[in-house]
1. Name the pairs whose Cβ atoms lie under 8 Å apart, with the first residue in the stretch 36-54 and at negative phi and in a loop (DSSP other than H, G, I, E, B), the second of a type in the set (Lys, Arg) and surrounded by 11 or more Cβ atoms within 10 Å (Cβ to Cβ), and 6 or more positions between them or separate chains?
2. Do we find that residue 37 is surrounded by 14 or more Cβ atoms within 10 Å (Cβ to Cβ), β-branched (Val, Ile, Thr) and under 17 Å from residue 9 (Cβ atoms) in this structure?
3. Name the residues in the stretch 40-57 that are surrounded by 14 or more Cβ atoms within 10 Å (Cβ to Cβ) and not polar (S, T, N, Q), would you?
4. All but one of (1) modelled with pLDDT under 95; (2) on the phi > 0 side of the Ramachandran plot hold for residue 4; which doesn't?
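The values are calculated or read from the model by the stated rules, or taken from the named source; none is laboratory data. Note that this is a predicted model, so its numbers are computed, not measured. As a convention, Cβ positions derive from the backbone with ideal geometry for all residues, glycine included, and neighbour counts pool all protein chains shown.
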Amino acid sequence: MPFQPDTPSRVVFGENLRRARVAKGLSQESLGEQAGVHRTFVGAVERAENNVSIDTMEKLAAAVGLSIAALLDPQGLPE
């Protein structure tokens, strides 16, 4: 589902990350382990509560098998 044009990038990234994680059948804990971050941080990113560094975005994207660009795509991920 596409986002509104004025949706902040961290909201788009977080929601797309959640969709990708769920599609892969990963828990927040297992995603965090794969990306080298704590599970509570994964949840905060998915809820757009934290700004995320590019380095961490790369780790999270790699853990779900996508590029940062795909997770920042305001058109969203296929459901």
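1. 37/59; 50/10; 51/10; 52/10
2. On the way: surrounded by 14 or more Cβ atoms within 10 Å (Cβ to Cβ): yes; β-branched (Val, Ile, Thr): yes; under 17 Å from residue 9 (Cβ atoms): no.
Here the answer is no, as residue 37 does not meet what is asked.
3. 41, 42, 43, 44, 45, 46, 48, 52, 57
4. Status for residue 4: all satisfied but (2).
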